[in-house]
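Only one structure is covered here, and it is reproduced in the block below.
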Amino acid sequence: MTVKTNVDVPSARALISANPDVLVVDVRTPGEFASAHIPGAINLPLDQVDRHLRRIVSDAGGTMLLICQSGSRATQARTALTREGLAGVVVLDGGMNAWTAAGAPTTSTAGGRVRWGLERQVRLVAGSIVAVSVLASIWWAPARFIAGFIGAGLTIAAVTNTCAMGMALAKLPYNRGPRFDIDAAITRLRGSETAA
C-alpha cells in the first residue's frame, strides 16, 4: 500500500474532520502564523524543526499534517522528520495559499494585523536589490554584478528548494511575531494540551 505524502485541501479537511488527533503543524514563521492559520494548528517554525528534530520525533504521535505558505518549507520539514524516523507525515499541497483559495476556515491571533508571507518578502527584497543595482550601474558599472549575484542566488534557491535570503528574513523581529515557546509547541505535539 502506498502512503500519501501530499494531500490537497479537500483531503486535508477530510483528514482533520475524520481524525481529531491529527497534528496540524504550521512551519511558517510566528509572524505569518499569527496573521492567519488553520484553527487548531500548532506553530513550529522550520528553523525550530531543524534545531529540535529528535525531541519532535520522540514526542509526536499519529498523523502529522505539515503546512507552510506554498508547500516548500513543509516539504523540507517532512524530509527532515521522516529521515529521523517519524512516520505518517503528510504535506498540504499548495500550503496556506491553497487553503485560503479554497475558502477553508482560518483564524488569526494578530489582532487584524496581516503580515506579509516570507516568500513575498523575498520577492520584495530580491527585486529591490536588483532594481537598485541596475539603476546604480548607470553611474557605477560594477553594481550590475550585485544583480547577477542575486539572480544566481535565486537560481540556486530554486534548484535546491532552499532559500538563504528567506532563512535570513525569517530571523528578523517582524517575522518572529509573538514570543515563540518551543517547549509549549512540543507539549502540544504530545496532545496534552488542547489546540488553540
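For the stretch 43-56, take each phi angle, set θ = phi - 60°, evaluate the Karplus expression 6.51 cos²θ - 1.76 cosθ + 1.60, and give the result in whole Hz per residue in order, putting x for glycine and proline.
Once rounded to whole Hz, the list reads 8, 9, x, 3, 5, 6, 4, 4, 6, 10, 3, 5, 4, 4.
So for the chain, Kirkwood radius off the Cα pairs, Stokes-Einstein at 20 °C and 1.002 mPa s: how many µm² s⁻¹?
After rounding, the answer is 120 µm²/s.
On the protein heavy atoms, probe 1.4 angstrom, tell me the percent of accessible surface of the stretch 126-165 carried by carbon and sulfur.
80 percent
Tell me which residues come under 5 Å, amide H to amide H, from residue 26 once H is placed; ignore anything under 5 positions away on its chain.
42, 43, 44, 67
Give the accessible surface of the chain per residue, rounded to a whole number of Å², with probe radius 1.4 Å and ligands, DNA and RNA excluded.
For the chain, the per-residue accessible area is 53 Å².
Can you send over the carbon and sulfur percentage of the accessible area for the stretch 1-80, probe radius 1.4 Å, protein chains only?
Carbon and sulfur atoms account for 54 percent of the accessible area of the stretch 1-80.
Over the chain, what is the relative contact order in percent, taking alpha-carbon pairs closer than 8 angstrom and at least six residues apart?
About 28 percent, as a whole number.
Counting only helical runs of four or more DSSP H residues, what would the 222 nm mean residue ellipticity of the chain come to if each run contributes -39,500 (n - 2.57) and the total is spread over all its residues?
-15500 deg cm²/dmol
The values are calculated or read from the model by the stated rules, or taken from the named source; none is laboratory data. Predicted, not measured: the structure shown is a model, and the values here were computed from it. Each accessible area value is taken on the protein alone, full model and side chains, heavy atoms only, with ligands, DNA and RNA left out. Shrake-Rupley method; radii C 1.70, N 1.55, O 1.52, S 1.80 Å.
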